[in-house]
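To keep things clear, I will list the structure first and then write my remarks on it.
All of the numbers you see were taken from the coordinates with simple rules; none came from a lab. All of these numbers come straight from a predicted model, not from anything done at the bench. Here the Cβ positions follow ideal geometry from the backbone for every residue, glycine too, while neighbour counts run over all protein chains shown.
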Amino acid sequence: NTEVVQTMALGVIQAKRSISKEEIEDFRRLVDLVLVRFFTARIGLRFIIEQFVGSAEYKSGFSGVIESFCNPVHIAQRAAEDATQLCRQHKDIAPRVNFHTPTASFSDDMHFTYIPHHLHYMLTEI
């Protein structure tokens, strides 16, 4: 994952050096379009493979990697803990993360069908 992103970034930097200032805005739009298509396709392909592999084993409440009763509040709390640990590990400091829910039972009542590790990844990045 990291190697692909780094390689793509280096390619963009190298290409940018050969572009004139007048062409930079068109170049930026083209790179944005290409990268969005590339990463969207990559995420889709990865999901299809994960779903196929995950479908081979039974896990209660799941269909492959899709969880029937995914709890976004619990996943957000774990993602915040992981992000906090990463910040402390790399920067020796981390912001405090607070969760505010409308009611005490909100986090236990909130469920929807989703892919928990994708949600965790997105929330950790935020």
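Summary of computed values
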item	result
Taking all pairs of distinct alpha-carbon atoms in the range 85-124, Kirkwood radius in angstrom	12.8 Å
Largest to smallest principal axis extent of the C-alpha atoms in the chain, angstrom	57, 40, 27
Ordering of 43-53, 100-110 by packing [mean C-beta count within 10 Å, highest first]	43-53, 100-110
Mean-position separation - Cα centroids, the range 1-50 and the range 75-126, in angstrom	28 Å
CYS87/PHE52 FRET efficiency (R0 30 Å; Cβ-Cβ; nearest 0.05)	0.30
Over the chain, relative contact order from alpha-carbon pairs under 8 Å, at least 6 apart, %	24 percent
Tilt relative to the chain, helix 2-17 - C-alpha long axis, 0 to 90 degrees, to 10	30 degrees
